[in-house]
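A short worksheet on the structure shown next.
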Amino acid sequence: MTTTSAAQPAAHVLAEIDTQPQMWRRAVEVAAESATFLPADGMRIAVVGCGTSWFVAQAYAAIREEAGLGLTDAFAASEFPAGRRYDLIVAITRSGTTTEVLDLLAALPADQKSLGIVGDPQSPGATAASHTILLPFADEKSVVQTRFATTVLALLRAGLGENLDGVIAEAETALTADLPAGWQDKVQFTFLGTGPAVGLANEAALKMREAALAWAESYPAYDYRHGPISLAEPHTLVWSIGTPPPGLADQITATGASLQVSPGDPLATLVHIQRLAITLALHRGLDPDSPRNLTRSIVLT
């Protein structure tokens with residue numbers, strides 16, 4: 001994937017997408033160094049964040065529970081159930097300044113253990129939790145978040161004992177893979193997944209909305225037939241993150257919609273979709289480094 005100079009639109013986010021494989025390698029090293037702080041097997045934990053960080057939390061929760069390593073809940077930070085206790089609360093915030101995350105951490109009882117995963121070591125979030133894992137090497141200049149979120153998920157997966165060599169190799173391939181045919185003419189984008197891919201489908205749709213101002217939706221794959229498929233038509237691209245449930249592919253193509261199926265690791269597929277979002281944004285004359293109505297961090301007054 002070719003990056004652009006700093007004066008060109010999307011220069012930052014293009015570079016940040018490109019560097020994800022090397023960021024994930026560093027995350028594996030950080031996971032080994034931070035093993036005593038990461039969730040231990042059997043712990044009852046909650047993972048919180050906002051926007052992209054929340055979707056990463058959803059994916060990690062599914063991975064950890066599927067592996068049988070302990071109850072794992074995922075919440076938008078503003079929706080954390082007041083008074084509920086866990087062995088550990090993990091808070092994800094790229095900027096370390098997200099109001100809802102900081103407010104939640106500040107309101108926790110003194111004996112509630114918490115772990116912050118933060119991009120900016122100079123931010124309030126760097127000292128807001130009981131322990132903090134800093135990932136400044138994965139921090140970003142673009143408003144649109146890509147590599148920090150995926151690096152957090154790589155860190156957490158490595159902390160579960162996963163070998164990420166194959167995932168990293170898939171991501172390197174995704175950096176140069178062809179985009180779906182006819183993407184320029186699509187009006188609606190729908191992302192489907194099961195298990196951990198549901199959270200990453202949510203993140204994929206968010207990337208399309210915030211970067212390219214596109215009509216984008218996401219659903220658990222089995223639930224797509226329960227109403228949303230009625231929207232599918234020839235200007236729809238449905239992207240299945242993972243193999244779709246039996247019969248669903250035929251039902252989608254019968255609507256005239258295009259279907260893209262990516263059976264590999266969902267995290268690597270997300271890299272491919274990030275590229276689609278940025279390419280579509282540039283095709284539409286937008287600069288995804290600075291999307292309209294958005295800022296790098298949401299700080300409430």
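Some observations on this one:
- For the range 285-301, the count of residues that are surrounded by fewer than 17 Cβ atoms within 10 Å (Cβ to Cβ) and assigned to a helix (DSSP H, G or I) is zero.
- The range 64-80, residues that are within 22 Å of Ala154 (Cβ to Cβ), open to solvent by 20 Å² or more (accessible area, probe 1.4 Å) and assigned to a helix (DSSP H, G or I): Glu65, Glu66
- Any chance Glu33 is touching a residue at least 24 places away in the same chain (Cβ under 8 Å) and of a type in the set (Asp, Glu): no
- Note on the range 118-127: residues that are more than 17 Å from Leu88 (Cβ to Cβ) and not in a loop (DSSP other than H, G, I, E, B) total 3.
- 3 or more residues crowded, with 19+ Cβ neighbours inside 10 Å and of a type in the set (A, V, I, L, M, F, W, C): qualifying strands (runs of 3 or more DSSP E) within the range 191-270: 236-241
- Top-ranked residue of the range 128-180 - restricted to ones that are farther than 24 Å from Ala211 by Cβ, charged (D, E, K, R) and not in a loop (DSSP other than H, G, I, E, B), ranked as least open to solvent (accessible area, probe 1.4 Å): Arg157
- Within the range 85-102, considering residues that are among the polar types (S, T, N, Q) and within 17 Å of the chain's Cα centre (by Cα), the one surrounded by the fewest Cβ atoms within 10 Å (Cβ to Cβ): Ser95
- Test result for Asp18, at pLDDT 95 or above and closer than 22 Å to Ala277 by Cβ: yes
- Test set (1) in a helix (DSSP H, G or I); (2) modelled with pLDDT of 95 or more; (3) of a type outside the set (D, E, K, R); (4) farther than 24 Å from Ser218 by Cα - Trp54 fails condition number: (4)
- Ser123 being at pLDDT below 95, open to solvent by less than 40 Å² (accessible area, probe 1.4 Å) and under 24 Å from Ala15 (Cα atoms): no
- On the stretch given as the range 36-51, residues that are out of contact with any Gly (no Cβ under 8 Å at 6 or more places or on another chain) and either assigned to a strand (DSSP E or B) or among the acidic types (Asp, Glu) (or both) total 4.
- Hits in the range 81-117 - residues which are polar (S, T, N, Q), closer than 18 Å to Met43 by Cα and part of a loop (DSSP other than H, G, I, E, B): Gln112
- Scanning the range 231-278 for residues that are of a type in the set (D, E, K, R) and closer than 18 Å to Val167 by Cα returns Asp265, Arg275.
The values are calculated or read from the model by the stated rules, or taken from the named source; none is laboratory data. For clarity, every value in this text was computed on a predicted model and none was experimentally measured. Note: ideal-geometry Cβ built from the backbone for every residue, glycine included; neighbour counts use all protein chains shown. These area figures cover heavy atoms from the full protein model, side chains too; ligands, DNA and RNA do not enter into them. Shrake-Rupley method; radii C 1.70, N 1.55, O 1.52, S 1.80 Å.
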